[in-house]
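Peer 1: First the structure, then my questions, so here it is.
The values are calculated or read from the model by the stated rules, or taken from the named source; none is laboratory data. If you're wondering where the values come from, they're calculated on a predicted model, not measured in any experiment. We place every Cβ from the backbone using ideal geometry, glycine too, and count neighbours over all the protein chains shown. To get the accessible areas, we keep the full protein, side chains included, count just its heavy atoms, and leave off ligands, DNA and RNA. Shrake-Rupley method; radii C 1.70, N 1.55, O 1.52, S 1.80 Å.
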Amino acid sequence: GSYYLSGNVAGGSGTNGITVMSSHVQLDLNGFALVGSTNGSNETLIGILIDDLSMPVNVEIRNGVVCNWGREGIRSVLAKDCRVTGITASQNGLTNGCDGMKLGDAWTITDCLAAGNGGDGIETGSRCTVSRSLFRQNTLCGLKVLTDCRIFDCSAMWNCHDGLRTGDNSVIKNCSANQNTSNGIRVAVGCVVVDNLCSFNGNVGTGAGIQAEGEGRVEGNHLRKNQYGIQIPAGATSGKALVIRNS
């Protein structure tokens, strides 16, 4: 069914904000906020938990703010073919090192902001698509995904590890990664990294604008004032990387 908020919701100590326990659910925050707490003993748990026991599919979460939860703002490891749109996840997991959103396989993430979270801004499984989203000032990576993912038109800045990080066989196109402490963009084997802007990434001799494993293509990117522009680490596949038309 379809559910929506009619006002802001404050979390209670030791509880989750909303738990979704079924497939085919649309949860519209309707522009309101789910607000947790990490003050002293009044520590809340997860803002929105999608229950993994039923392995739900086709869940959509949209249009609002999930902030200040003791653990993840949104969490689902096993739910698949789901969507999150127009969500701001901020200041979650600060006392537990948890992510703004921790999601499973085959999610579509659009028009979201993940900022100031205690782990990664957003972490996903495989076969996800992420577009038009911003990842800023997270304790670990801005965005970290597994294999066969596609990332378009995103921005990652001021994260304390990599800005955008993928597993094998992924695509990153038309993104910007600026002033991240480690790499701006880091990809694994067989990835395509095209038409991105990476500047001021790395710290005291480590980190690159783009770090890519072999058997991939790094093309048409603009790299400015990083510790290294492009790094292809030594290894069995490193000689097979195609690196062309970068400035």
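Peer 1: Check cross-link reach from K144 to the lysines: straight Cα distance under 16 Å, and skip same-chain residues fewer than eight apart.
Peer 2: Answer for K144, where 16 Å is the Cα cut-off: K102, K173, listed by chain and number.
Peer 1: Here's something else I'd like to know. With springs only between Cα atoms under 10 Å apart, run a GNM on the chain and tell me which of N221, N96, N169 wobbles the most.
Peer 2: Looking only at N221, N96, N169, the biggest GNM fluctuation is shown by N96.
Peer 1: Continuing with the same structure: Could you sort the peptides 159-167, 1-9, 51-59 by per-residue average Cβ neighbour count (10 Å cutoff), highest mean leading?
Peer 2: Values: 159-167: 25.8, 1-9: 11.6, 51-59: 15.0.
Ranking, from highest mean packing down: 159-167, 51-59, 1-9.
Peer 1: Taking only protein heavy atoms and a 1.4 Å probe, what accessible area per residue, in Å², does the chain have with all protein chains in place? Walk me through the numbers before you get to the answer.
Peer 2: Numbers: 10200 Å² over 247 residues.
Here the residues of the chain average 41 Å² of exposed surface.
Peer 1: Put +1 on the Cβ of each Lys and Arg and -1 on the Cβ of each Asp and Glu in the chain; which of I210, T110, S247 then has its Cα farthest toward the positive end of the dipole?
Peer 2: S247
Peer 1: Given the Cα-Cα distance of H222 and D195 and 0.36 nm per residue of separation, how much length would full extension add, in nm? Don't jump to the answer; show the numbers that get you there.
Peer 2: Working: separation 27, 0.36 × 27 = 9.72 nm, distance 0.73 nm.
Gain on stretching H222 to D195: 9.0 nm.
Peer 1: Same structure, new question: For the chain, count all C-alpha to C-alpha pairs, find those more than 33 Å apart, and express that count as a whole percent of the total. The partial results should precede the final answer.
Peer 2: Numbers: 5926 of 30381 pairs.
Of all Cα-Cα pairs in the chain, 20 percent lie more than 33 Å apart.
Peer 1: At what distance in angstrom do the alpha carbon centres of region 196-247 and region 35-97 lie from each other?
Peer 2: 33 Å
Peer 1: Using a 1.4 angstrom probe on heavy atoms only, work out the carbon and sulfur share of the accessible area of the chain in %.
Peer 2: 49 percent
Peer 1: Considering only C-alpha atoms, what is the centroid distance from region 8-27 to region 130-150, in Å?
Peer 2: A separation of 23 Å, based on Cα centres.
Peer 1: Still on this structure, please answer the following. Where both partners of a DSSP beta bridge lie in the chain, what percent of those bridges are antiparallel, to the nearest 5? Numbers along the way, then the final one.
Peer 2: On the way: 3 of 82 bridges.
Expressed as a percentage, antiparallel bridges in the chain total about 5.
Peer 1: Kindly list the residues of region 117-133 that lie in the label zone of T95, defined by a backbone N under 19 Å from the point 7 Å along the Cα-to-C-beta vector.
Peer 2: 117-120
Peer 1: Right, next: Order the following by accessible area, largest value first: R136, R127. Probe radius 1.4 Å; ligands, DNA and RNA are ignored.
Peer 2: Details: R136 70, R127 120 Å².
Sorted by accessible area, descending: R127, R136.
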